[in-house]
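Student: Quick one: this structure, given as structure tokens, is what I'll be asking you about.
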Amino acid sequence: MARQSQLAEALADARRRTDELFTLLVPDAFYDRPIPERHRNIFYFGHLEAFDWNLICRKTLDLPSFHPEFDKLFEFGIDPPAGRLPEDQPKDWPSVAEVNRYNTRVRQAVTRALTSGDVPEQLWRVAIEHRLMHAETFAYMLHNLPADRKIEPPGVAARILGPPVSRAMLEVPAGQATLGRKRGNGFGWDNEFDEHTVDVPAFAIDNYKVTNGDYLEFVKAGAPPALLGTPRRRVAPANHVWPCAAPTHLARLRHPAAGVQLRRLDRQIPAHRAAVPSRRLFAGPYAGFHPHSYAHSYARSYEPRL
Ligand SMILES: [Fe+2]
């Protein structure tokens with residue numbers, strides 16, 4: 001029972017996170033496609049629920065479908081022509097209201113399934129992790145969406161507009177980092193196994209993340225802006241960085257430079273090399289040391305529209 005309420009809480013929390021992300025879209029932006037290789041936003045709106053329904057209710061509990069067409073559409077999306085980018089149009093997708101009705105009904109069925117106790121815990125973990133992964137990738141898609149296609153949630157700008165933080169370097173002693181996960185010890189994705197340890201030498205690191213303002217200074221000094229996106233469509237983050245130049249964009253300047261690849265930042269900003277922690281530093285002596293949590297940080301952040 002305790003396990004069941006823990007799962008219910010984890011699922012509710014994951015749902016809250018993804019719901020929050022979709023409230024950031026202006027109504028017709030559900031049909032935008034911020035990244036050409038990906039589906040339109042509306043797909044992800046239906047996909048999160050369809051995945052849970054297909055996995056838990058349809059395939060595990062063998063419940064009859066109440067909307068087979070949506071089960072399939074939001075499981076796979078609309079395939080692009082072979083070797084080409086997706087060409088589907090907004091009119092090829094159902095309305096937001098229709099998807100919303102489907103989602104509501106699916107959630108009720110999935111929640112009932114959770115209370116029935118007939119579904120293995122492993123599958124619940126898969127559903128929760130799947131949703132959290134999409135929260136992260138959808139936040140990345142939002143980052144590629146122009147500011148006028150997003151709605152600023154109340155209170156966010158005020159939270160960012162606090163006094164400037166004081167920068168310092170933190171000395172972290174050498175230690176051992178434990179990476180990966182032991183087999184036979186709960187849920188994990190394939191690439192999370194096996195558990196192993198590595199030695200991490202002593203190092204120093206900035207106490208705060210590199211901000212858009214830091215990055216802007218670097219670009220103003222003559223460095224080429226980093227590129228975001230996929231090899232097919234490289235998007236200069238100038239879209240995100242350069243508009244920060246106006247003083248009214250203070251909040252943006254102070255926001256962490258989300259979307260800039262860590263490896264690229266490491267190579268391009270020698271002064272901030274120490275501020276770009278590697279994976280093993282996250283897992284080792286650095287864990288719990290940083291004032292910000294990096295886990296799902298994009299999903300918890302918002303780029304204010306100023
Ligand atoms: Fe998925």
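The values are calculated or read from the model by the stated rules, or taken from the named source; none is laboratory data. No experiment lies behind these values; they were computed from the predicted model shown. As a convention, Cβ positions derive from the backbone with ideal geometry for all residues, glycine included, and neighbour counts pool all protein chains shown.
Student: Taking the condition of being more than 16 Å from the ligand (Cβ to nearest atom), buried (at least 19 other Cβ atoms within 10 Å of the Cβ) and in a helix (DSSP H, G or I), how many residues in region 128-148 meet it? Walk me through how you get there before you give the answer.
Tutor: Start the filter on region 128-148 by keeping residues that are more than 16 Å from the ligand (Cβ to nearest atom), which leaves 142-148.
Adding the requirement that they be buried (at least 19 other Cβ atoms within 10 Å of the Cβ) leaves 142-145.
The next check asks that each one be in a helix (DSSP H, G or I); those that pass are 142-143.
Residues that pass the stated criteria total 2.
Student: Taking the options ARG84, ARG16, ARG107, name whichever one is among the charged types (D, E, K, R) and in contact with a helix residue (DSSP H, G or I) (Cβ under 9 Å, 6 or more places away or on another chain).
Tutor: Criteria check complete, one pass: ARG107.
Student: Check PRO154 against each of (1) modelled with pLDDT of 90 or more; (2) in a loop (DSSP other than H, G, I, E, B) and name the one condition it does not meet.
Tutor: (1)
Student: Having 2 or more residues that are more than 28 Å from LEU145 (Cβ to Cβ) is the bar; report the helices (runs of 4 or more DSSP H) wholly within region 1-78 that clear it.
Tutor: Counting at least 2 such residues, we get 2-22.
Student: Let me ask something else. Tell me, yes or no, whether region 159-177 has at least one residue that is farther than 25 Å from GLN4 by Cα and either part of a helix (DSSP H, G or I) or within 16 Å of the ligand (Cβ to nearest atom) (or both).
Tutor: Within region 159-177, one or more residues are farther than 25 Å from GLN4 by Cα and either part of a helix (DSSP H, G or I) or within 16 Å of the ligand (Cβ to nearest atom) (or both).
Student: Then there is this: Taking only region 168-196 into account, find how many residues are of a type in the set (D, E, K, R) and modelled with pLDDT under 80.
Tutor: Pass one, region 168-196, residues of a type in the set (D, E, K, R): 171, 181-183, 190, 192, 194-195.
Now restrict to residues that are modelled with pLDDT under 80: 190.
Adding up the residues that qualify gives 1.
Student: What about ASN103, is it farther than 20 Å from LEU21 by Cβ, assigned to a helix (DSSP H, G or I), of a type in the set (S, T, N, Q) and within 16 Å of the ligand (Cβ to nearest atom)?
Tutor: no
Student: Output the residues belonging to region 81-91 that are in contact (Cβ under 8 Å) with a residue 12 or more places away in the chain, exposed (fewer than 15 other Cβ atoms within 10 Å of the Cβ) and over 10 Å from TYR31 (Cα atoms).
Tutor: LEU85
Student: Which is within 16 Å of the ligand (Cβ to nearest atom), in contact with a helix residue (DSSP H, G or I) (Cβ under 6 Å, 6 or more places away or on another chain) and assigned by TED's automatic domain parsing to the domain that holds VAL119, of GLU49, GLU37?
Tutor: GLU49
Student: Now, a different point. Just a yes or no: is a residue in region 93-110 among the acidic types (Asp, Glu) and closer than 17 Å to ILE42 by Cβ?
Tutor: Yes, because at least one residue in region 93-110 is among the acidic types (Asp, Glu) and closer than 17 Å to ILE42 by Cβ.
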